[in-house]
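Let me begin by presenting the structure, written as structure tokens, before commenting on it.
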Amino acid sequence: MGDTLAWRSFSYWMRRYRHTWRGTIVISVANPFLFLLAMGAGLGGLVDQNHSAYLHGIPYLDFFAPGLLAAAAMQTAVTESARPVHTAGQPSGSYRAAAATPLRPDDIFAGHLLFIAFRIAISAAAFVLVMALFGIPGSALLLVPAALLTGLAFAVPIAAWAVGVDRPAKLNAFFRFVVMPLYMFSGTFFPTSQLPAWLRPVVELSPLWHGVALCRTIALGTGTPYVHVVYLAVLAALGVLAGRRRYRRHLHA
Amino acid sequence: MADEILVRASGLVKVHPMGGVRAVDGIDFELRKGEAFGFLGPNGAGKSSTMRMIGCVSTPSAGELRIFGLDPATDGARIRARLGVVPQEDTVDTELTVRENLYIYGRYFGLSRARIRERTAGLLEFAQLEDKASEQVGALSGGMRRRLTIARSLINEPEILLLDEPTTGLDPQARHVLWDRLFRLKQEGVTLILTTHYMDEAEQLCDRLVVMDRGRIADEGSPRELIERHSTREVLELRFPPGEQAIRAEKVTDIAERLEVLPDRVLLYVEDGEAALAAVHARGVTPITALVRRATLEDVFLTLTGRTLVD
Amino acid sequence: MTRMHLLVERNLMVYRHTWSLLVAEVFEPVLYLLTIGIGIGTLVGHVRGTGVAYPQYVAPALLATAAMNGAMNETTFNLFQKLKFDRVYDSILTTPMTVRDVAFGEVCWALLRGTLTTSGFLVIVTVLGLVHTPWALLALPGAAVIGFAFASAGLAVTTYLRDWQDFQLIQLVMLPMFLFATTFYPLGVYPRPVQLAVECLPLYQSIELLREPSLGHIGPGLLVAAVYLLVMGVLGLAIALPRLRRTLLA
């Protein structure tokens with residue numbers, strides 16, 4: 001019963017998506033394409049000529065692409081979970097309409113998460129396709145789930161938080177002062193081994209750092225992925241627990 | 001001076017560029033100093049388009065319009081400097097506080113800071129917003145916003161105040177407060193032009209009005225004149241079971257001077273309502289409810305156009 | 001007589017409530033500078049053919065981008081909201097203010113915003129020791145010119161927008177321009193035909209206008225960039241003004 005109810009909530013979001021999917025697909029392909037072309041191929045030329053020891057002989061493009069995959073998954077996750085969840089949770093939002101039907105807060109939460117996961121997976125798949133186009137190594141079969149896990153480690157806790165946020169300005173502040181710095185300093189653009197020693201442990205707490213490390217490990221076939229997988233999965237699971245409580249409290253207040 | 005004409009329109013037309021609708025289709029009117037002049041009509045009659053042309057924010061498509069003897073096409077800014085405008089939807093600046101709204105609006109009129117300060121105290125009192133002066137406009141109720149819009153429109157001591165549907169969307173209490181404020185302005189000699197689709201509002205506030213329908217003027221006069229011209233003294237309203245209004249009405253047609261069949265009731269235009277009701281009963285016709293009332297502008301409109309004002 | 005300064009005064013009043021946005025607007029280019037300039041800069045070393053350290057090379061490009069974004073956000077996002085939803089201009093136009101006052105006022109405000117953001121960023125760049133010549137101060141008038149060009153262009157674009165969805169299209173133009181207009185690497189990376197195309201981009205001209213003086217190069221190329229941007233600004237206004245009139249005075 002619970003599964004079918006959550007499915008109804010999922011299909012609501014899918015039906016809405018029918019109006020905008022074209023635009024999002026274009027963005028999902030254009031973004032990685034442009035970034036990999038400029039930062040990888042353009043800037044990569046300058047980097048590779050310098051033979052920096054930090055890269056251990058790996059071409060910059062091969063280093064950068066899996067990192068950007070993780071960062072893009074985070075971006076999709078934040079875009080899909082922060083504002084839409086907050087809007088839906090407002091007194092005039094779609095959650096309120098759904099809460100007046102047999103759907104329980106748990107179903108509403110689960111259905112929306114399912115949709116967000118779908119969006120992250122689609123975008124990641126588009127990204128991996130573009131990577132292949134550039135001839136960048138990495139197994140699609142493993143990279144898409146890795147990006148999805150990275151995205152969920154953000155999306156689930158953020159949805160749990162956003163459902164009860166009173167002012168949308170807080171979401172903007174979160175994006176500017178939390179998401180952007182994470183995006184910049186989690187090892188996507190340069191190896192964190194360059195950072196001062198005291199800063200590294202702080203950066204390694206960042207879920208995106210683990211996401212980047214996970215995707216890069218898979219793509220380059222170096223190191224072991226398990227620590228990162230566990231870290232990200234625990235974050236997503238904590239998000240589920242928090243979200244179930246927050247959705248119930250907020251929608252059945 | 002009392003007969004000074006402030007606004008004169010002849011053959012005024014407005015065709016909207018998108019869709020080519022003739023919103024205003026050749027109207028003539030004159031507005032004299034000190035009077036309260038109303039445009040009465042249903043939604044889409046062309047009232048707002050007319051108001052926007054008088055407010056010099058919309059160019060007439062044809063015909064002539066003079067305000068204070070000036071041409072809006074060439075002297076728009078000079079005319080607007082002497083007008084106050086209360087648009088249909090409150091366009092208060094939601095990013096500013098109540099006091100800041102009055103201040104910046106005064107600045108747009110080129111008033112000095114000192115002059116604005118002087119005016120603000122009085123206007124806040126007029127709008128009953130003294131204790132809200134420092135609040136963000138977003139936090140105000142609908143009635144308060146409306147009063148702020150009106151206070152704002154008075155910052156430049158306008159010679160003519162344009163009010164487009166001033167009380168639409170307000171609750172009854174807020175409406176009465178607003179009517180009271182407008183009545184005070186009228187006493188102070190401000191010339192008012194207002195549009196409304198509420199007959200009670202038109203009767204309360206207007207010295208003279210035109211009835212508009214589909215972009216044209218159907219008739220013009222004081223509320224009393226219009227009622228006398230187009231209606232009987234009283235109206236008997238009969239309500240029958242759903243779907244039976246027309247059949248039942250046939251049996252009482254000759255009792256009334258004129259009879260209107262509406263979807264939910266039948267109106268009998270008569271001089272003496274009680275006598276007419278007795279005559280209806282004498283025929284063995286028994287309505288679910290019966291009501292005798294005085295004729296209103298609603299009846300005038302129904303007679304002139306065959307339609308109701310609010311549908 | 002023009003009353004455009006009154007619109008600037010209005011926006012300044014709003015700004016008193018939301019000044020923290022400025023902090024955010026300076027914050028973002030600083031992040032880029034730290035990550036790309038210094039982070040990637042460590043990997044790059046010196047920029048080939050110029051002998052300039054990478055952070056010093058990237059900083060003026062980020063300054064130009066900040067001026068562009070500061071101005072354009074104002075006349076696209078914010079102006080669209082005011083035009084279509086808050087209907088701010090409807091009430092302003094019932095006063096002696098004209099559509100021209102509104103358009104000039106908004107552009108003027110936007111270029112001030114862009115210049116302000118750039119000044120804040122310039123201070124930080126100086127503190128980080130990336131400025132080596134007083135010519136770098138030319139960044140301030142330069143930012144005003146960049147602000148003017150993009151504020152006017154933004155205004156013209158906004159008159160064509162139908163809903164928020166259309167902003168994606170703006171992003172689709174702005175992002176590649178940001179990435180390819182020699183922000184992060186010199187023009188020499190491209191083959192000649194691509195170089196010509198890149199040189200036509202307004203952001204490329206903006207970056208030239210700030211980068212050359214900051215590296216101590218003062219030449220006629222600066223004049224070309226300045227004239228290009230001024231013409232772009234005038235054209236933007238020429239397109240926007242009649243269209244705004246048609247929308248607001250229907």
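The values are calculated or read from the model by the stated rules, or taken from the named source; none is laboratory data. Not measured: the values here are computed from a predicted model. Every residue, glycine as well, gets a Cβ built from its backbone with ideal geometry; the counts of neighbours run over all protein chains shown. These area figures cover heavy atoms from the full protein model, side chains too; ligands, DNA and RNA do not enter into them. Shrake-Rupley method; radii C 1.70, N 1.55, O 1.52, S 1.80 Å.
How far is helix A:226-251 tilted off the main Cα axis of chain A, in degrees rounded to 10, range 0 to 90?
Its long axis makes an angle of about 20 degrees.
Give the peptides B:166-174, C:205-213 in descending order of average Cβ contacts within 10 Å, highest first.
C:205-213, B:166-174
Just tell me how shielded B:87-94 is by partners: mean number of partner chain Cβ atoms within 10 Å of each residue's Cβ, no decimals.
5
Roughly how tilted is helix B:172-187, in degrees to the nearest 10 and between 0 and 90, from the longest Cα axis of chain B?
60 degrees
Using a Gaussian network for chain B with springs between C-alpha atoms less than 10 Å apart, which of these wobbles most: B:D28, B:D213, B:D164?
Residue with maximal mean-square fluctuation among B:D28, B:D213, B:D164: B:D28.
Around C:W164, what is the net charge, scoring Lys/Arg as +1 and Asp/Glu as -1 over all other residues with Cβ under 15 Å from its Cβ?
+2
Which residue fluctuates most in the GNM of chain C (Cα springs below 10 Å): C:R87, C:R16, C:R100?
With Cα springs under 10 Å in chain C, the top fluctuation among C:R87, C:R16, C:R100 is at C:R16.
How large is the helix-only mean residue ellipticity at 222 nm for chain A, computed as the sum of -39500 (n - 2.57) over DSSP H runs with n ≥ 4, divided by its residue count, in deg cm²/dmol to the nearest 500?
-24000 deg cm²/dmol
How large, in Å, is chain C by the Kirkwood hydrodynamic radius built from its alpha-carbon pairs?
It works out to 18.7 Å.
How would chain A be classified by its alpha-carbon gyration tensor: rounded, prolate or oblate, with rounded meaning a/c under 1.5 and the a/b versus b/c comparison settling the rest?
prolate
Any idea of the accessible area per residue across the protein assembly as shown, 1.4 Å probe, to the nearest Å²?
In whole numbers, the protein assembly as shown has 43 Å² accessible per residue.
Just check chain B against the gyration tensor rule for me: Cα atoms, a ≥ b ≥ c as the square roots of the eigenvalues, rounded for a/c under 1.5, and otherwise prolate or oblate depending on whether a/b exceeds b/c.
Judged from the Cα gyration tensor, chain B comes out prolate (a/c at least 1.5, a/b above b/c).
First select every other residue whose beta carbon is under 14 angstrom from the beta carbon of A:I116; then total the charges, Lys and Arg +1, Asp and Glu -1.
That works out to +2.
Given a 1.4 Å probe and every protein chain left where it sits, what share in percent of the accessible area of the range C:1-78 is carbon and sulfur?
Roughly 65 percent, rounded to a whole number.
Could you work out, residue by residue across C:47-58, how many beta carbons of other chains sit within 10 Å of that residue's beta carbon, and then give the average as an integer?
Other-chain Cβ atoms within 10 Å of each residue's Cβ, averaged: 1.
For chain A, give the magnitude of the charge dipole about the Cα centre (Cβ charges: +1 Lys/Arg, -1 Asp/Glu; no others), in debye to the nearest 20.
1040 debye
Quick check: the angle from helix A:2-17's long axis to the longest principal axis of chain A, C-alpha only, nearest 10 degrees?
In chain A, helix A:2-17 runs at an angle near 70 degrees to the longest axis.
Provide the net charge surrounding B:K14, with neighbours chosen by a C-beta distance below 9 Å and charges set as Lys +1, Arg +1, Asp -1, Glu -1.
+1
Using θ = phi - 60° and the Karplus curve 6.51 cos²θ - 1.76 cosθ + 1.60, what whole-Hz ³J(HN,Hα) does each residue of the range A:196-202 get, with Gly and Pro shown as x?
Going residue by residue, I get x, 4, 5, 7, 4, x, 5 Hz, with x marking Gly and Pro.
Take peptide C:11-23, look around each residue's Cβ out to 10 angstrom, count Cβ atoms belonging to other protein chains, and average those counts.
Shielding by partners across C:11-23 averages 3.
Given axes a ≥ b ≥ c from the Cα gyration tensor, I'd like to know whether the range C:102-196 is rounded (a/c under 1.5), prolate (a/b larger than b/c) or oblate.
Oblate, since a/c reaches 1.5 and b/c is not below a/b.
Mind checking which of A:V144, A:V29, A:V202 has the largest fluctuation in a GNM of chain A, springs on alpha carbons under 10 Å?
Answer for the Gaussian network model of chain A: A:V202.
Based on the mean of other Cβ atoms within 10 Å per residue, sort peptides A:83-94, A:99-110, B:41-52 so the most packed one is first.
Result, highest mean Cβ count within 10 Å first: B:41-52, A:99-110, A:83-94.
Any idea what the dipole of the range C:4-248 comes to, in debye rounded to 20, about its Cα centre with Lys/Arg Cβ at +1 and Asp/Glu Cβ at -1?
300 debye
How would you rank C:56-65, B:223-232, highest first, on the average number of other Cβ atoms within 10 Å across their residues?
Ranking, from highest mean packing down: C:56-65, B:223-232.
Can you list residues whose amide H is under 5 Å from B:L209's amide H, if they're 5+ apart or on another chain and H is modeled 1.01 Å from N?
The list, which skips near neighbours in sequence, is B:G38, B:G221, B:S222.
Given H placed on each backbone N at 1.01 Å, which residues far from B:I160 in sequence or on other chains put an amide H within less than 5 Å of it?
Here the answer is B:G84, since their amide H atoms fall under 5 Å of that of B:I160.
Are there residues in the range C:178-203 whose accessible area shrinks by at least 20 Å² when all protein chains are included rather than the chain by itself, and which are they (probe 1.4 Å, ligands and nucleic acids not counted)?
Correct list: C:L179, C:F180, C:F184, C:Y185, C:V189.
Would you work out what percent of the accessible area of chain A, with all protein chains in place, is carbon or sulfur (probe 1.4 Å)?
Using a 1.4 Å probe with all protein chains present, chain A comes out at 68 percent carbon and sulfur.
Ranked from the most accessible area to the least, with a 1.4 Å probe and all protein chains present, what is the order of B:T59, C:T35?
The ranking, largest first, comes out as B:T59, C:T35.
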